[in-house]
Amino acid sequence: MTRWAPGKKSAALFEAASAMIPGGVNSPVRAFRSVGLQPFFVERAKGPFVYDVDGNEYIDFVGSWGPLITGHAQPDIIAALIGAAHKGTSFGASHAGEAELASLIQRRMPGVEMVRLVSSGTEAAMSAVRLARGFTGRHRIIKFAGCYHGHADAFLIDAGSGVATLGVPGSPGVPPGSARDTLSAIYNDLDSVDALLCANKGEVAAVIVEPVAGNIGCVPPLPAFLPGLRRLCDAHGALLIFDEVITGFRVARGGAAERYRVTPDLTVLGKILGGGMPLGAFGGRRDIMACIAPSGPVYQAGTLSGNPVAVACGIAALSLLGDATVYDQLEATGAAMEAILRDSAAAAGATIAVNRVASMMSFFFQEGPVRNYADVQRSDSVRFNRLFAALLTRGVSIAPSAFEAMFVSTAHDDAVLERAATAFKKAFCEVEEG
Ligand code: HOZ
């Protein structure tokens, strides 16, 4: 079995970074720790490819963890970025782009009547929950085991993404009060939500959910799940918050709310929204959003909120996603990639379950079905880690964790998929041969 290792330049950069930056990285999942390796360092990226500092090319299925639905360094987005930067990188004051982007969001995302721009998905989720608490006068929230809503205190309970990848049960530094007010339900299990709402009558401000779970790998909602959440929230006077940081503008033009025809009270956005720049947003019902300062008493602010360069990139990104043909293309590319995963595993005699919604997907080394966090945890992580390395040696990059989704973009054309198919076939065979 070939063992992948980063090239000399990557290794040297990692060593230097590790002396100054905790773990050598600015976000834990980048460190490759759970797959027992050290990371490559990226020099540049273009279309469906990333290139490391040692001159290796990888077909990229990470897409910066979701934002790059039109591929790396997309020309329209780069042009927007340069054009905006020439006019100034930050004003700390209002500009026309903010309302333009707000209107693009409002026209696409069901239920978003008003929106506030922020700088990250974490900030958006944190602000949405504060708003839900301020609006309802209640303190508790319900989240789902394995769902990840950024790293604010209230969300680091049974969280997915890096928290799951590193096996952290919860994080030191989260006050007991925050932990106590976050109740954890089971994804795709309405009874678990009902039980919590009944046991905490009149105390739950909001149920927050990734409408397609994307931080334990890709786990789609069962048909009754999202409509059931809507019904339960209405019955108990709790707000329904969709965290569409991953799914927004990806699983449909209007995100999961459009795809599954369920309208939340509040929506959290990030990733694709900024076209690869740091940008988030939260929005929803007008009467709720009116509670945000300065129109209302719930405080929320940010020096870089609505940053003109990020906003310009966001407008360019959403403009590229304007018509249905893009989503047809993404659906076809996603289906082709799903077939590659299934066929190459079958050819190697590997047992995998594949979950896919449009252009986001995951494979799990198990028979499936994979419907929640407990199911995901039954996957064979040793096999995953071996496959991860075997893919890198063949020039394919997927997220360094079985708890993350794969993404395809409009830049993943037939030729790229053909190369990926060969790599996956060989990599699966190598894993099964041991
Ligand atoms: N799954 C994470 C965000 N959705 C990955 C990004 C990170 O934590 O660095």
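The values are calculated or read from the model by the stated rules, or taken from the named source; none is laboratory data. Everything numeric here is computed off the predicted structure, so don't read it as measured data. Heads up, the Cβs are rebuilt from the backbone with ideal geometry, glycines too, and the neighbour counts pull from every protein chain shown.
If the condition is being within 20 Å of G334 (Cα to Cα), part of a loop (DSSP other than H, G, I, E, B) and away from the ligand (no atom under 16 Å from the Cβ), then the stretch 362-402 contributes F365, G368, P369, V370, R371, G395.
A Cβ distance below 9 Å, combined with a sequence gap of six or more or placement on separate chains, defines the contacts here; from the stretch 119-147, residues that are closer than 16 Å to V207 by Cβ and of a type in the set (D, E, K, R) reach residues that are assigned to a helix (DSSP H, G or I) and within 14 Å of the ligand (Cβ to nearest atom) in the pairs K143/F155.
Considering every residue within the stretch 2-14, establish whether at least one is closer than 28 Å to E433 by Cβ, among the charged types (D, E, K, R), away from the ligand (no atom under 16 Å from the Cβ) and touching a residue at least 60 places away in the same chain (Cβ under 8 Å). Among the residues of the stretch 2-14, at least one is closer than 28 Å to E433 by Cβ, among the charged types (D, E, K, R), away from the ligand (no atom under 16 Å from the Cβ) and touching a residue at least 60 places away in the same chain (Cβ under 8 Å), which makes the answer yes. The single condition among (1) within 16 Å of the ligand (Cβ to nearest atom); (2) in a loop (DSSP other than H, G, I, E, B) that I208 does not satisfy is (2). Criterion applied to D181, D158 was being of a type in the set (D, E, K, R), in contact (Cβ under 8 Å) with a residue 12 or more places away in the chain and within 16 Å of the ligand (Cβ to nearest atom), and the one residue passing it is D158.
From V35, V53, V25, which residue is touching a Lys or Arg at 6+ places or on another chain (Cβ under 7 Å) and crowded, with 16+ Cβ neighbours inside 10 Å? Before the answer, list the steps.
Numbers: V35 fails: touching a Lys or Arg at 6+ places or on another chain (Cβ under 7 Å); V25 fails: touching a Lys or Arg at 6+ places or on another chain (Cβ under 7 Å).
After ruling out the rest, the residue left standing is V53.
The residue that is farthest from the chain's Cα centre (by Cα), among those in the stretch 403-434 that are assigned to a helix (DSSP H, G or I) and acidic (D, E), is E433. The criterion of at least 1 residues that are polar (S, T, N, Q), modelled with pLDDT of 95 or more and surrounded by fewer than 19 Cβ atoms within 10 Å (Cβ to Cβ) is met, among helices (runs of 4 or more DSSP H) falling completely within the stretch 136-203, by 190-199. Scoring V129 on the criteria (1) away from the ligand (no atom under 16 Å from the Cβ); (2) at pLDDT below 95; (3) closer than 29 Å to F249 by Cβ; (4) not basic (K, R) leaves a single failure, condition (2).
For the stretch 103-118, taking the residues that are touching a residue at least 24 places away in the same chain (Cβ under 8 Å) and assigned to a helix (DSSP H, G or I), the one that is farthest from the ligand (Cβ to nearest atom) is identified as Q106. Restricting the stretch 211-240 to residues that are surrounded by fewer than 19 Cβ atoms within 10 Å (Cβ to Cβ) and among the hydrophobic types (A, V, I, L, M, F, W, C) leaves a set whose member that is nearest to the ligand (Cβ to nearest atom) is L222. Of all residues in the stretch 17-30, how many are in contact (Cβ under 8 Å) with a residue 40 or more places away in the chain and either assigned to a loop (DSSP other than H, G, I, E, B) or more than 8 Å from the ligand (Cβ to nearest atom) (or both)? The number of residues fulfilling the criteria is 1.
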